[in-house]
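Contents: one structure, followed by commentary.
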Amino acid sequence: MRTELRQIPVRDVVDGFVYNEFEGKGLYGLAGALTIQPEYQRNYIYGDGHRDVAVIDSMLKGYPLGLIYFTDVSAGFSDGRDHLEVLDGQQRITSIGRFVTGKFAVVIDGREQTFSSLAPEQQARIMDTALLIYVCTGTEAEIKEWFQTINIAGVPLKPQELRNAIYSGPFVTAAKREFSNSADARHQKWGHYIKGDPKRQEVLEVALKWVAPTKAMTIDGYMAAHRHDTEIDELTRYFTTVIEWIGAVFPMTPHKSMQQVEWAQLYEKYHGTAYQGSVMAERADTLLHDSDLHEKKGVWEFLLGGEQDPSLLDVRFFDSKIKEAAYKRQTDAATAAGTSNCPLCAAGSNVNATKLYALREMEADHVTAWSKGGLSTLENCEMLCVTHNRAKGNR
């Protein structure tokens, strides 16, 4: 890969700057010769009132912004003009362009200032700032390999952002349009069941993670196989199907634990089972408000599986104080009666009918099983010898 160092003033870089507010990305600069956010780039994430402001503050103070990298893609055009793409630096360039075009303000001497309200010398300081830019020329593989090494301002690329770079093409373009637009109202619904920042490609990553195994593929394998596809129907159809299935099975106000569930795996396992939505929602609400449950995310698979696997719930059983109190209560009564402090041994006729067990030889059990509404309280605690407790079923 060949590189050429250039010094380009900000006024040239932002000439013809266009920012798409709906999609949240900078589009063009250098009078149309520069594509600021090619499809392999991450979305603009500096628009948080901190990092974008820091870029402008650095320029006003004369601090360097660091090296920026463009790639020369002119060979792919036949119009004789320069065509460049931002390889590294689009967050900084977009921040500058947004400020110059009045998209946000900075605070100077306690007062908010937009670019147009700055003193002429401050405007000139920004516009005359020379950006150090390496223009790179090389094969696609070389450019993508270099892109993967980039770490911008302490914000490393997310795994899906890297994949988008490696497998850039019409499929990634269409997928980003569908899943990476944070202004899309559907993200509010999707966000009930999945967790991730669409701008950082985390929602797209979930969609790919869901569909890829249905084709016995990894995310990378799926993206490689579909890289040149212009349609993403299979991806969107499967994602939408899973989302709609969740809402149909659990027609209720979503709970935050739903974001932690591997829904596609549960869909593949249980979507052939019929459920009564109102019953599922009622049981879910009951379990979610049960103080004995530590692991709320397990509620959903527990219910889908017919409430057969309590281990999914990480139920909080009796603490040591309750066990000690129950042991003392039973041992005192057994000593007075001359029977075993294990109620099941005391009811028998063998040698253990009068045996007094040490605390370490006993285990706590629910008198009324937890699965049948029994609480983990002293009143519902019964100490049994290890043998009887482990042989005792869920009654």
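The values are calculated or read from the model by the stated rules, or taken from the named source; none is laboratory data. All figures in this text were calculated on a predicted structure; none of them were measured in a lab. With ideal geometry, Cβ positions are generated from the backbone for all residues, glycine too; neighbour counts draw on all protein chains shown. What goes into the accessible areas is simple: the full protein's heavy atoms, side chains included, and nothing from ligands, DNA or RNA. Shrake-Rupley method; radii C 1.70, N 1.55, O 1.52, S 1.80 Å.
If the Kirkwood radius is taken over C-alpha pairs of region 173-280, then at 20 °C and 1.002 mPa s the Stokes-Einstein diffusion coefficient equals 147 µm²/s. Pop the C-beta distance of SER291 and ARG329 into the FRET formula with R0 = 25 Å and round what comes out to the nearest 0.05. Given R0 = 25 Å and the Cβ-Cβ separation, E is 0.60.
What is the chain by shape, rounded, prolate or oblate, if you read a ≥ b ≥ c off the alpha carbon gyration tensor as root eigenvalues and call it rounded for a/c under 1.5, prolate for a/b larger than b/c, and oblate otherwise? Walk me through the numbers before you get to the answer.
Working: a/c = 3.37, a/b = 2.48, b/c = 1.36.
Note, shape of the chain comes out prolate.
In this structure, LYS269 and ALA119 have a Cβ-Cβ separation that, at R0 = 56 Å, corresponds to a calculated FRET efficiency of about 0.30. With the simple model of a label 7 Å out from the Cα in the direction of the Cβ, HIS192 to ASP233 spans 2.8 nm.
Around ALA75, under 13 Å between beta carbons, what's the net of Lys plus Arg minus Asp minus Glu among the other residues? Around ALA75, the charge tally is -3.
The overall shape of region 99-253, judged from the alpha-carbon gyration tensor, is oblate: a/c is not under 1.5, and a/b is no greater than b/c.
Full extension from ALA54 to MET217: what is 0.36 nm times the residue separation minus their Cα-Cα distance, to one decimal in nm?
On the way: separation 163, 0.36 × 163 = 58.68 nm, distance 4.22 nm.
Between ALA54 and MET217, full extension yields an extra 54.5 nm.
Pairs of Cα atoms nearer than 8 Å and 6+ residues apart set the relative contact order; for the chain it is 11 percent. Extending 7 Å from the Cα toward the beta-carbon at both ASN20 and LEU67 defines two label points whose distance is 3.0 nm. Taking 7 Å steps out from each Cα toward its Cβ at GLN259 and LYS103 produces label points 2.6 nm apart. Show me, bin by bin at 10 Å from 0, the whole-percent P(r) of region 48-175 based on Cα pairs. In whole percents, the pair-distance histogram is 11, 35, 31, 19, 4, 0.
Once the Cβ-Cβ distance of ALA225 and MET1 is raised to the sixth power relative to R0 = 30 Å, the FRET efficiency obtained is 0.65.
Ignoring ligands, DNA and RNA, please state the percent of accessible area on the chain from carbon and sulfur, probe 1.4 Å.
On the way: 10190 of 20020 Å².
Summing carbon and sulfur atoms, their accessible area is 51 percent of the total for the chain.
Cβ distances below 4.7 Å define possible disulfide partners, and in the chain the cysteines left without one are CYS136, CYS381. Extension gain, ALA33 to GLU145, is 38.0 nm, computed as 0.36 nm per intervening residue step minus the present C-alpha separation. Near LEU303: Cβ cut-off under 14 Å, other residues only, Lys/Arg at +1 and Asp/Glu at -1. The net charge is -3.
How much of the DSSP bridge set in the chain is antiparallel, in percent, rounded to the nearest 5?
Details: 28 of 34 bridges.
Expressed as a percentage, antiparallel bridges in the chain total about 80.
Let me know the number of lysine pairs in region 163-232 closer than 18 Å at the Cα, not counting same-chain pairs under 8 apart. Each step should come with its number before you reach the end.
Numbers: LYS176/LYS189; LYS176/LYS195; LYS176/LYS199; LYS176/LYS209; LYS189/LYS199; LYS195/LYS209; LYS199/LYS209.
Final tally of qualifying lysine pairs is 7.
Other residues with beta-carbon under 13 Å from the beta-carbon of LEU60 carry, at +1 per Lys or Arg and -1 per Asp or Glu, a net charge of -2.
Got the relative contact order for region 288-395 handy, in percent, Cα pairs under 8 Å and 6 or more residues apart?
Details: 142 pairs, mean separation 24.2, N = 108.
Computed value for region 288-395: 22 percent relative contact order.
Which loop trypsin sites (Lys or Arg not before Pro) in region 1-109, with loop taken from DSSP, have no more than 10 other Cβ atoms within 10 angstrom of their Cβ?
On the way: sites: ARG2, ARG6, ARG11, LYS25, ARG42, ARG51, LYS61, ARG81, ARG92, ARG98, LYS103; in loops: ARG42, LYS61, ARG81, LYS103.
Within region 1-109, the qualifying trypsin sites (Lys or Arg not before Pro) (loop, at most 10 other Cβ atoms within 10 Å) are LYS61, ARG81.
Length gained on full extension, SER278 to THR368: 29.8 nm, using 0.36 nm per residue less the C-alpha separation.
With the other protein chains left in place, how much accessible area per residue, in square angstrom, belongs to region 34-138 at a 1.4 angstrom probe? Please report the intermediate quantities before stating the final value.
On the way: 4620 Å² over 105 residues.
Computed with neighbouring chains in place, this is 44 Å² per residue.
Sparse packing (at most 15 other Cβ atoms within 10 Å of the Cβ) combined with a DSSP loop state is found for none of the GluC sites (Glu not before Pro) in region 65-146.
Need one word for region 228-337: rounded, prolate or oblate. Basis is the Cα gyration tensor (sqrt eigenvalues a ≥ b ≥ c); a/c below 1.5 gives rounded, then a/b vs b/c decides. Could you put the intermediate results ahead of the total?
Numbers: a/c = 3.67, a/b = 3.14, b/c = 1.17.
Prolate is the answer for region 228-337, as a/c is 1.5 or above and a/b outweighs b/c.
Summarising the amide proton neighbourhood of TYR193: residues at separation of 5 or more, or on other chains, whose placed amide H is nearer than 5 Å comprise an empty set. Short-range pairs are left out: with C-alpha atoms under 8 Å and at least six residues apart, the relative contact order of region 157-286 is 29 percent.
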